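Enquirer: One structure is given below, represented as C-alpha cells, and several questions about it will come after.
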Amino acid sequence: MKFRKKINILLVRLPIYLLLFVLVNKIQLAQSTNDSNIYGKLEIIIYGFQNNEGDCWFAIDNSEFVYESEDSVWIGNILPIKNKEVIVVIDSLQYGEYAIRVFHDENKNGKLDTDFLGIPEEDYGYSNDASGWFGPPSWEKAKFIFNKPEMIIKIEVD
C-alpha cells in the first residue's frame, strides 16, 4: 500500500516538476541572451575645436580599470579635425557601460600639454561633459550606458 501511495504522489507532482524545470530553463536562456550580446551603432560628435590644426586623440573605455589606467585604452584613435569637429562612428558596439575621453593635440607632439601647475593648455573633453577637480573626472561621472540600436553622444572640448 505504501508503494502505491508513493507512486500516486509522484504522478501528481511530476507535471509540477516538469513545469518548474521548463520555467527555470527559460529563465536561464533569457539571462544568457540579455543585453550584453546585443550590438548597436554609436556616433560620437566632438565639437568646440578652435581650429583644424593638429589632431584629436580619441579613447573609449569599457571599464573603470581601463579608464583609470594612464597607459591603455579599449578603443583609441588619432583623428583629423575637419570643420572644427570630429565625428566617430562605431557600427557594431556591444551594449554596456563606456566612457569617452578626447583631447586636441594642436601641436602634434603626442601629449596633452600642461602648464607648470599641471593645468591643460590644450582643449579636452569627456563623455557627459564630465569634469573633475585636480585631474580627470571619475569613471562614475564620465560613464554612460549604451543600450539602444542607435545612439549619438556629443562631447564639447574646451
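The values are calculated or read from the model by the stated rules, or taken from the named source; none is laboratory data. This structure is a prediction, so every number in the text was calculated from the model and none was measured. Note that each Cβ is placed from the backbone with ideal geometry, even for glycine, and that neighbours are counted across all protein chains shown.
Enquirer: Pull out all pairs, ordered by first then second residue, where Cβ-Cβ is under 7 Å, the residues are six or more apart or on different chains, the first lies in the stretch 114-138 and is under 21 Å from Val66 (Cβ atoms), and the second is assigned to a loop (DSSP other than H, G, I, E, B) and among the polar types (S, T, N, Q).
Expert: Sorted first by the residue in the stretch 114-138, then by its partner, the pairs are Gly132/Ser138; Pro137/Ser131.
Enquirer: Show me the strands (runs of 3 or more DSSP E) entirely contained within the stretch 41-137 in which 2 or more residues are over 13 Å from Glu156 (Cα atoms).
Expert: Where strands (runs of 3 or more DSSP E) fall fully within the stretch 41-137 and carry at least 2 residues being over 13 Å from Glu156 (Cα atoms), they are 55-61, 75-80, 85-94, 96-105.
Enquirer: Another question, then. Do we find that Glu140 is modelled with pLDDT of 95 or more and in the same structural domain as Ile46 (by TED's automatic domain parsing) in this structure?
Expert: yes
Enquirer: Filter the stretch 118-147 down to the residues that are within 15 Å of the chain's Cα centre (by Cα) and among the small types (Gly, Ala, Ser), then identify the one that is nearest to Ile81 (Cα to Cα).
Expert: Ser127
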